[in-house]
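Working notes, structure below.
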Amino acid sequence: MTIRIGDEAPNFTAETTEGTINFHEYLGDGWGILFSHPADFTPVCTTELGGFANRKAEFDQRDTKLIGVSVDTVESHHGWSKDIEDTQGSALNYPLIGDDERTVANLYDMLHPNELATATVRSVFIIDPAKKVRLTLTYPASVGRNIDEIIRVLDALQLTSKFPVATPVNWTNGSDVIVSPALSDEEATEKFPAGFETHKPYLRTTKQPG
Ligand code: BEZ
């Protein structure tokens with residue numbers, strides 16, 4: 001099943017390293033990130049899982065739950081967790097789904113057989129509190145993901161959900177933002193009392209609100 005931005009994130013119940021989890025219940029009223037790993041005991045995945053574990057506090061601050069999926073058993077994940085701790089400095093501190101039957105991988109279209117025969121590619125889904133998919137990313141097996149970029153886009157999604165703004169190229173938290181083209185100048189003046197700059201009638205920027 002192809003999952004697109006704006007779709008409801010399909011729900012599932014799965015066995016994980018933290019017990020049986022109903023995905024939507026696990027996410028609760030906050031944000032969530034579901035990300036896939038091709039297989040256990042593989043080098044790039046080991047660095048990524050440790051990377052997410054090392055940065056978990058930053059996701060907590062953003063009211064965002066992490067959950068990984070790999071097409072091996074929970075028992076295998078527990079064994080792998082020790083290697084993740086040994087090599088990356090943090091053991092798993094968020095659930096990793098045991099998806100040996102590829103139920104979640106199929107539900108989220110994480111298997112791309114022309115790239116990898118039996119394992120998933122590196123998918124990322126950011127899901128908002130209404131359970132809507134807000135971002136999808138797909139990386140090949142050979143390229144590890146960038147957690148700074150995932151946090152950057154999460155910040156942008158949370159900001160643009162709260163305020164009528166968009167983020168420009170290479171935006172980082174705290175930089176100027178674009179005033180939504182849907183706002184008239186009068187509405188923009190009301191929403192952004194500190195003012196805004198008009199570069200072109202369709203390109204207006206303001207200080208980051210909030
Ligand atoms: C890795 O995580 O290193 C990896 C997994 C599957 C294929 C290639 C690399």
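The values are calculated or read from the model by the stated rules, or taken from the named source; none is laboratory data. Every value quoted in this text rests on a predicted model; they were computed, and no experiment measured them. Quick reminder, even Gly has a Cβ in these numbers, built from the backbone with ideal geometry, and neighbours come from all protein chains shown. Ligands, DNA and RNA are stripped out before the accessible areas are found, and what is left, the full protein with its side chains, is counted by its heavy atoms. Shrake-Rupley method; radii C 1.70, N 1.55, O 1.52, S 1.80 Å.
With contacts taken as Cα pairs under 8 Å at a separation of at least 6 residues, the chain carries a relative contact order of 21 percent.
Computed over protein heavy atoms with a 1.4 Å probe, the accessible surface of the range 13-145 works out to 42 Å² per residue. Approximating the spin labels as points 7 Å out from Cα along Cα→Cβ, the T2-to-K131 distance works out to 2.3 nm.
Placing +1 on the Cβ of every Lys and Arg and -1 on the Cβ of every Asp and Glu, with no other charges, gives the range 62-206 a dipole of roughly 300 debye about its Cα centre.
Specify the angular offset, from 0 to 90 degrees and rounded to the nearest 10, of the alpha carbon long axis of helix 43-54 from the longest principal axis of the alpha carbons in the chain. Approximately 60 degrees, to the nearest 10. Along the chain, the exposed loop sites are trypsin sites (Lys or Arg not before Pro) outside DSSP states H, G, I, E and B with at most 16 other Cβ atoms within 10 Å, and the longest stretch free of them is 132-206. Placing unit charges on each Cβ (+1 for Lys and Arg, -1 for Asp and Glu) gives the chain a dipole about its Cα centre, and among P201, L137, V124 the Cα reaching farthest toward its positive end belongs to P201. Note the angle between two axes, namely the Cα long axis of helix 147-162 and the longest principal axis of the Cα atoms of the chain, as a number of degrees from 0 to 90, rounded to the nearest 10. Around 50 degrees separate the two axes. Reducing the range 167-208 and the range 111-139 to their Cα centroids gives an inter-centroid distance of 31 Å.
Cross-link partners for K207 among the lysines, with Cα-Cα distance under 27 Å and sequence neighbours closer than 8 places in the same chain left out: K162, K191. For the chain, a Gaussian network of Cα nodes joined below 10 Å ranks A119, A141, A182 by mean-square fluctuation, and the top entry is A182. Between T189 and R152, full extension at 0.36 nm per residue minus the direct alpha carbon distance yields a gain of 10.6 nm. Nearest 10 degrees, 0 to 90: what angle lies between the long axis of helix 74-88 and the longest principal axis of the chain (Cα atoms)? Its long axis makes an angle of about 60 degrees. Among V121, V165, V69, the residue with the largest mean-square fluctuation in a Gaussian network model of the chain, with springs joining Cα atoms closer than 10 Å, is V165. Here the chain has 49 percent of its accessible surface on carbon and sulfur atoms, given a 1.4 Å probe and all protein chains in place.
Considering all alpha-carbon pairs of the chain, what whole percent are spaced by more than 20 angstrom? Please list the in-between numbers first.
Details: 13173 of 21945 pairs.
In whole percent, the share of Cα-Cα pairs in the chain beyond 20 Å is 60.
As an exercise, identify the GluC sites (Glu not before Pro) in the range 101-210 lying in DSSP coil whose Cβ has no more than 13 other Cβ atoms within 10 Å. Show your work: numbers first, answer last.
Values: sites: E101, E115, E149, E186, E187, E190, E197; in loops: E101, E115.
Counting only loop positions with at most 13 other Cβ atoms within 10 Å, the GluC sites (Glu not before Pro) in the range 101-210 are E101.
Find me the longest stretch of the chain that has none of the exposed chymotrypsin sites (Phe, Trp or Tyr not before Pro), where exposed means in a DSSP loop (not H, G, I, E or B) with at most 14 other Cβ atoms within 10 Å. Result, exposed sites excluded: 42-201. The mean accessible area for residues of the range 163-206, using a 1.4 Å probe and ignoring ligands and nucleic acids, is 65 Å² per residue. Computed 3J(HN,Hα) for the range 9-17, one whole-Hz value per residue from the Karplus formula 6.51 cos²θ - 1.76 cosθ + 1.60 where θ = phi - 60°, is 5, x, 8, 7, 10, 8, 7, 9, 5, glycine and proline marked x.
Orientation-averaged projection of the range 43-133 equals 6.2 nm² [convex hull of Cα atoms, one quarter of hull surface area].
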